[in-house]
Amino acid sequence: MIETYLILTRETLEASLLVGILLSTLQRLGDKRGQRFVVLGASVAVFLCLILGLLADRLADFLSGEAKNILDICVFFLPAIFVSYMVIWMAKNGREQGGTLRDKATHAIKHGSVWILVMLAFMGVFREGLETVLFLWGLSLQSGPGQAAGPSLLAGLSGTATGILIVYLLFKSTARIPIGTFLRISSVLLVIMAGGMLAAGTGRLVAMGVLPPLIFQTWDTSRILNEHSYVGGMVADFFGYRSKPPLIMVLTVSAYLAGMLILLRRAEQSGKKPSH
Amino acid sequence: MPLNRLTQMISGTLWALGTFLILSPTISRAEAVPEVALTLEHHQFSPNTLPVEPDKRFIIVLSNKDNHPEEFESYDLEFEILVFPHKSIRVPVRGLPAGTYTFFGDFHPKTAQGKVVVSPITH
């Protein structure tokens, strides 16, 4: 019962964290319209997950098949690209010297990048959301003779509610952090998450034999932090932590983080110049 | 507008990825790959240890006998595949160096645990 609760809390946290970051960032930028597009993307994802959950029996072959695997890989790589683009854009336009907002900033979100917000929110919710729905569906199947589904389904649903509540409270509580600091923290968080998505995507391509691992297990830190622990599992799913990563994954993520650091520096500098 | 460059970047990535993904299964179908049977029942794997040879590809064929979906997952082997109640899935695994690789059911991680053990060939 407790296990069911904890698993669904985690799955829901994973599904809603990116949306939480997006919504609170746009909130701080004062972009109501952007927020609506994020909510739109997330809602479409939830809706689609529910539909797929209802049709799960008939879609089993698709949801366990090769097409789903390819979809997964896209859902690792595409958000990583979108998130990176957004973070660089935020560094360029998000704040002026001293941390006050520029009108241009929200203006650009309104006209250029809304589709990125919709896609990001959608993909952030879709994958983990589907798992959550299917897990709950599985619980509802348990009502065999002598086994009532009610209590475990209730545990599952309250787990889902807890996950959403945690994300909500987490980002409510950031309201007092000064905007400059807030944007910096959310940018770092987003870049690390994107790095994690790249790690997971790279790992998947290595497993499929598409990419060479170079060294299959470069090191082993499973004694320090194991993916099979509750915390380790979360770090693995949020930030792409692997205790035994292949070398190509280490190289890809390092190159990405180094590249982002350079691009962000440059973007911030160009952002500090007076606009014309 | 940098948005154009982004679109180019994305479509480039997608093309490369798509070509790879379409080609890679065709390559792998060329030779017969041994299958390893695995059963999930009462949220437990049996057998929970799969011995395989080093550097040889294989396919795990997992049958779910439970009335509950499971997510068959491994960080060591990098897969994450849903298996529906009373269905089976085929999970191709690349050739592995000697070692132990754990897998688990993400929906019941306490009970659904197992490992692939690759031992070096002794002559």
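So what's the net charge close to A:L13: Lys and Arg +1, Asp and Glu -1, counting the other residues with Cβ under 15 Å from its Cβ? Before the final figure, lay out each step's value.
Details: positive: A:R10, A:R127; negative: A:E11, A:E14, A:E128, A:E131, A:D237, B:D106.
With Lys, Arg at +1 and Asp, Glu at -1, the neighbours total -4.
Which ordering of A:T252, A:T132, B:T39, B:T122 is given by a fewest-first count of other beta-carbon atoms within 10 Å? Walk me through the numbers on the way to the answer.
Numbers: A:T252 20, A:T132 26, B:T39 15, B:T122 4.
Ordered from fewest to most neighbouring Cβ atoms within 10 Å, A:T252, A:T132, B:T39, B:T122 come out as B:T122, B:T39, A:T252, A:T132.
To the nearest 0.05, how large is the calculated FRET efficiency for A:I215 and A:R265 if R₀ is 45 Å and r is the Cβ-Cβ distance? Please report the intermediate quantities before stating the final value.
Details: r = 31 Å, r/R0 = 0.68.
The formula returns an efficiency of 0.90 here.
May I ask you to work out the translational diffusion coefficient for the protein assembly as shown at 10 °C, viscosity 1.306 mPa s, via Stokes-Einstein with Rh from the Kirkwood sum over Cα pairs, reported in whole µm²/s?
Details: Rh = 22.4 Å.
Roughly 71 µm²/s, to the nearest whole number.
For labels at A:L251 and B:T100 in the simple 7 Å Cα→Cβ model, what's the distance in nm?
If labels sit at A:L251 and B:T100, their model points lie 3.0 nm apart.
Express in nm, to one decimal, how much length is gained between A:R33 and A:A175 on full extension, taking 0.36 nm for each residue of separation and deducting their alpha carbon distance. It would help to have the intermediate numbers written out before the result.
Details: separation 142, 0.36 × 142 = 51.12 nm, distance 1.89 nm.
Difference between extended and current length: 49.2 nm.
Can you compute the FRET efficiency between A:I51 and A:S158 using 1/(1 + (r/R0)^6), with r the Cβ-Cβ distance and R0 = 25 Å? Round to the nearest 0.05. Intermediate results must be reported in sequence, preceding the final value.
Working: r = 24 Å, r/R0 = 0.94.
Efficiency, from the Cβ-Cβ distance: 0.60.
State the answer as a single residue: which of A:V235, A:L169, A:G53 lies farthest towards the positive end of the charge dipole of the protein assembly as shown, with beta carbon charges of +1 for Lys and Arg and -1 for Asp and Glu, about the Cα centre.
The residue sitting most towards the positive pole is A:L169.
May I ask you to sort A:V167, B:V117 by Cβ crowding, counting other Cβ atoms within 10 Å and putting the fewest first? Mind showing how you got there, number by number?
On the way: A:V167 22, B:V117 14.
Exposure proxy ranking, most exposed first: B:V117, A:V167.
Would you please state which residues of the range A:1-19 a label at B:S46 would reach in this model, taking the label point 7 Å out along Cα→Cβ and a backbone N cut-off of under 13 Å?
none
At what distance in nm do the modelled label points of A:I70 and A:Y168 sit from each other, each positioned 7 Å from its Cα along Cα→Cβ?
Taking the two extended label points, one gets 3.9 nm.
Cα-based Rg (one decimal) and Dmax (whole number) for the range B:31-123, in Å?
Just the Cα atoms of the range B:31-123 yield Rg and Dmax of 12.8, 44 Å.
Under a point spin-label approximation (7 Å from Cα along Cα-to-Cβ), what is the B:K65-B:A16 distance to one decimal in nm?
For the pair B:K65/B:A16, the computed spacing is 4.6 nm.
Assigning unit charges at the beta carbon (Lys, Arg +1; Asp, Glu -1) and nothing else, what dipole magnitude in debye, to the nearest 20, does chain A show about its Cα centre?
Working: 24 positive and 16 negative charges, 286 e Å.
Result for chain A is approximately 1380 debye, rounded to the nearest 20.
When a/c is below 1.5 the answer is rounded, else prolate if a/b is larger than b/c, else oblate, so apply that to the range A:27-96 with a ≥ b ≥ c taken from the square roots of the Cα gyration tensor eigenvalues. Walk me through the numbers on the way to the answer.
Working: a/c = 6.97, a/b = 1.89, b/c = 3.68.
Oblate.
Taking 23 Å as the cut-off for C-alpha to C-alpha distance, list the pairs among B:K56/B:K87; A:K244/B:K110; B:K56/B:K115 that go past it. All intermediate terms of the calculation are to be shown ahead of the outcome.
Details: B:K56/B:K87 26 Å; A:K244/B:K110 21 Å; B:K56/B:K115 16 Å.
Exceeds cut-off: B:K56/B:K87.
Cα gyration tensor of the range A:175-276, axes a ≥ b ≥ c as square roots of the eigenvalues: rounded (a/c below 1.5), prolate (a/b > b/c) or oblate?
Numbers: a/c = 3.19, a/b = 1.68, b/c = 1.90.
Verdict is oblate for the range A:175-276.
Take the Cα gyration tensor of the range A:112-264, multiply each eigenvalue by 5, square-root it, and list the three semi-axes largest first, rounded to whole angstrom. Intermediate values should be presented prior to the final figure.
Details: eigenvalues 197, 122, 49 Å².
Ellipsoid semi-axes (Å, largest first): 31, 25, 16.
Based on C-alpha coordinates, I'd like the Rg and Dmax of the range A:1-49, in Å.
13.3, 41
In what sequence do A:H228, B:H42 fall when counting other Cβ within 10 Å, fewest first? Walk me through the numbers before you get to the answer.
Numbers: A:H228 15, B:H42 10.
Least crowded to most crowded, the residues run B:H42, A:H228.
Rounded, prolate or oblate: pick one for the range A:157-199, where a ≥ b ≥ c are the square roots of the eigenvalues of its C-alpha gyration tensor, a/c under 1.5 means rounded, and failing that, prolate if a/b is larger than b/c, else oblate. Working shown, then result.
On the way: a/c = 6.13, a/b = 1.18, b/c = 5.20.
In terms of gyration-tensor shape, oblate.
Please compute the length gained on full extension between A:Q142 and A:L40, using 0.36 nm multiplied by the number of residues separating them and subtracting their Cα-Cα distance. Please list the in-between numbers first.
Values: separation 102, 0.36 × 102 = 36.72 nm, distance 3.31 nm.
The A:Q142-A:L40 span can extend by a further 33.4 nm.
How much length is gained on full extension from A:E3 to A:V231, taking 0.36 nm per residue of separation minus their Cα-Cα distance? Before the final figure, lay out each step's value.
Working: separation 228, 0.36 × 228 = 82.08 nm, distance 1.39 nm.
That pair, A:E3 and A:V231, stretches by 80.7 nm at full extension.
Laboratory data are not the source of any read-out in this text; all were calculated from the coordinates shown. What you see is a predicted model; the values in this text were computed from it and never measured. Ideal geometry is used to build each Cβ from the backbone, glycine not excepted, and the neighbour counts take in all protein chains shown.
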